[in-house]
Amino acid sequence: MKKTNMMLLMVMLTLAIIVAGCGNQAGTTNGASGTSPAASTDTAAGGATDAAKPKFAIILKTLSNPFWVSMKEGIEAEAKAQGYDVDIFAANDEADLQGQAKIFEDALDKGYAGIAFAPLSPVAMIPSIVKANEKGIYVVNIDEQVDMTELKSAGGYVFSFVTTDNVKVGEKGGQAIIDKLGAEGGKVAIIEGKAGNASGENRKQGATNAFKAAANIEIVDSQPADWDRTKALDVAANILQKNPDLKAFYAANDTMALGALQAVSNAGKQGQVIVVGTDGAPEALDSINAGELYATVAQDPAQVGISSLNKLVQLAKDKATGSADMEPEFVSVESKLVTK
């Protein structure tokens, strides 16, 4: 009897060891918060498990604009296709500078190998960038460039700047108006983004360059509408009231272009005043197909996001090093004019 009990005990112990061994071989799944630094690696397949895979954070401006939603979707699709571990964050709105800066600050202690960000302010993120540099976290700047002079003065740096050439975007929009108006030319106005915003200022500059290079074009007004449709409607309505012979609006994004288009419609000037926008937003493309909005300079926000993510991955793979005296690599994503 004792012998039988002893044999039974040995069998039970053997089964327990086998079950425990199977449990240790199970894989891990990375959630939004990542895995513990103590997570094991599986060497049976000759490589590391997801626990050793670098994870990345991407901080966008907001998700209340189709441009940034498209960028988020592009990043997510690329991450899924390539098996990258990525968390995407965004501020509540484009006025939430402190909120976005806090997102970056909080990300510094989450174990990210790299952080890409599209700043709402050229300076608000600088302290966090410097801390990221000190921690060895790769940093990539998206869309609007941080103030490089201030960043270098603080001892910080970014490895890459991924964007569309916004001066060229504005030039394309302005040239589309010039070509449409032809030899007759006429008076035009610009609906700007938020005052001081680099992307908007560059688009405005590009359109202004194109208009000033055309002898038959007169810029009668240029006002900010803060990327907002309702504000753009009001700004455009005031400009039309002061300039009843206006021929065209160039707007620094499609949201404002659609607001300006509504002002044109309210004034009964459909077909008399053309409107050109920027971004290639779905609603703008629908409006173009309907013969309402004349054109948009379509950016590729999804590709901007994909390029930013791939740059972070490459930096981590190469174990790149940086310093405050280096110039960031400029990665440009092309834009194109879209008409009916």
Within segment 131-165, whose backbone N sits under 14 Å from a point 7 Å along Cα→Cβ of Glu329? 138-141, 158-163
Distance cut-off 26 Å, Cα to Cα: go down the list Lys204/Lys340; Lys61/Lys131; Lys247/Lys340; Lys168/Lys247; Lys131/Lys194 and report the pairs above it. Lys131/Lys194
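If a helix is a whole DSSP H run, which ones in the chain reach 15 Å or further along their own axis (Cα) and hold a mean Kyte-Doolittle hydropathy of at least 1.0? Numbers along the way, then the final one.
Values: long enough: 2-24 (33 Å, 1.27); 66-82 (24 Å, -0.39); 97-107 (16 Å, -0.33); 166-181 (23 Å, -0.24); 198-213 (22 Å, -1.16); 229-242 (20 Å, -0.13); 254-266 (18 Å, 0.52); 301-318 (26 Å, 0.14).
For the chain, where a helix must reach 15 Å along its axis and average at least 1.0, the hits are 2-24.
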Dipole of the chain (Lys/Arg Cβ +1, Asp/Glu Cβ -1, origin at the Cα centre): which of Ala213, Gly170, Pro301 lies farthest to the positive side? Pro301
Taking the Cα centroid of segment 89-141 and of segment 281-308, what is the distance between the two, rounded to the nearest whole Å? 28
At 222 nm, what value in deg cm²/dmol follows for the chain if DSSP H runs of at least 4 each add -39500 (n - 2.57) and the sum is divided by all its residues, to the nearest 500? -14500 deg cm²/dmol
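Between Glu134 and Asn209, what is the FRET efficiency for a Förster distance of 30 Å, r being their Cβ-Cβ separation, to the nearest 0.05? Don't jump to the answer; show the numbers that get you there.
Working: r = 40 Å, r/R0 = 1.34.
Calculated transfer efficiency: 0.15.
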Assuming R0 = 41 Å, can you tell me the calculated FRET efficiency for the pair Gln98 and Asn216, based on Cβ-Cβ distance, to the nearest 0.05? 0.30
In segment 253-340, GluC sites (Glu not before Pro) in a DSSP loop with at most 12 other beta-carbon atoms within 10 Å: Glu334
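At 10 °C and 1.306 mPa s, grab the translational diffusion coefficient of the chain from Stokes-Einstein with a Kirkwood Rh over Cα pairs, rounded to a whole number in µm² per second. Could you put the intermediate results ahead of the total?
Details: Rh = 22.5 Å.
D, rounded to a whole number, is 71 µm²/s.
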When you count, for each residue, the other Cβ atoms within 10 Å and take the mean per peptide, how do 73-80, 165-172, 142-149 rank with the highest first? 165-172, 142-149, 73-80
Less than 19 Å apart at the alpha-carbon level, and either on another chain or at least 8 residues along: which aspartates and glutamates does that give for Lys72? Asp85, Asp87, Asp93, Glu94, Asp96, Asp143, Glu144, Asp254, Asp279, Glu283, Asp300, Glu334
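Kirkwood hydrodynamic radius of segment 166-298 from all distinct Cα pairs, in Å? Walk me through the numbers on the way to the answer.
Values: mean 1/r = 0.0722 Å⁻¹.
Answer for segment 166-298: a Kirkwood hydrodynamic radius of 13.9 Å.
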With +1 on the Cβ of every Lys and Arg and -1 on the Cβ of every Asp and Glu, and nothing else charged, how large is the dipole of segment 186-325 about its Cα centre, in debye rounded to the nearest 20? 200
Could you check the spin-label model distance between Ser64 and Thr339? Points 7 Å from the Cα along Cα→Cβ, value in nm. 3.5
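A short reminder: the numbers here are calculations on the coordinates, not readings from a lab. For clarity, every value in this text was computed on a predicted model and none was experimentally measured. FYI the Cβ positions are ideal-geometry reconstructions off the backbone, even for glycines, and counts take in every protein chain you see.
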